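The values are calculated or read from the model by the stated rules, or taken from the named source; none is laboratory data. Every value quoted in this text rests on a predicted model; they were computed, and no experiment measured them. Every residue, glycine as well, gets a Cβ built from its backbone with ideal geometry; the counts of neighbours run over all protein chains shown.
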């Protein structure tokens, strides 16, 4: 991949929206990017995905007993979201979105 193309790749960002349908430790992960998600962790847990999460798909994931956790996400194309804190008691739906690099 050339440098020009590499820098044109979208940056992956997280966006959360409130949801109240699932239990306190079950959250919904939605992939709104054009690349499959191959790894998702919340806290010290290993990969919580049984299979890759295809673009446009969603999955419910049990994150355990904690609400405030460090999340990490890796994509099939090698891109990733830097680990960051997230409060799943406040936001039970986590949307993965792509934004263009500027």
**OP:** Taking residue 69 as meeting all but one of (1) surrounded by 14 or more Cβ atoms within 10 Å (Cβ to Cβ); (2) free of Cβ contacts under 8 Å to residues at least 60 places away in the same chain; (3) under 12 Å from the mean Cα position of the chain (by Cα), write down the number of the exception.
**Re:** (3)
**OP:** Can you give me the number of residues within segment 33-58 that are within 20 Å of residue 85 (Cα to Cα) and either buried (at least 19 other Cβ atoms within 10 Å of the Cβ) or touching a strand residue (DSSP E or B) at 6+ places or on another chain (Cβ under 7 Å) (or both)?
**Re:** 10
Subject >> Of the criteria (1) in a strand (DSSP E or B); (2) at pLDDT 90 or above; (3) exposed (fewer than 12 other Cβ atoms within 10 Å of the Cβ), which one residue 82 fails >> reply: (2)
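Take residue 81 and tell me if it is in contact with a strand residue (DSSP E or B) (Cβ under 7 Å, 6 or more places away or on another chain) and within 15 Å of residue 28 (Cβ to Cβ). Walk me through how you get there before you give the answer.
Details: in contact with a strand residue (DSSP E or B) (Cβ under 7 Å, 6 or more places away or on another chain): yes; within 15 Å of residue 28 (Cβ to Cβ): no.
It is false that residue 81 is in contact with a strand residue (DSSP E or B) (Cβ under 7 Å, 6 or more places away or on another chain) and within 15 Å of residue 28 (Cβ to Cβ).
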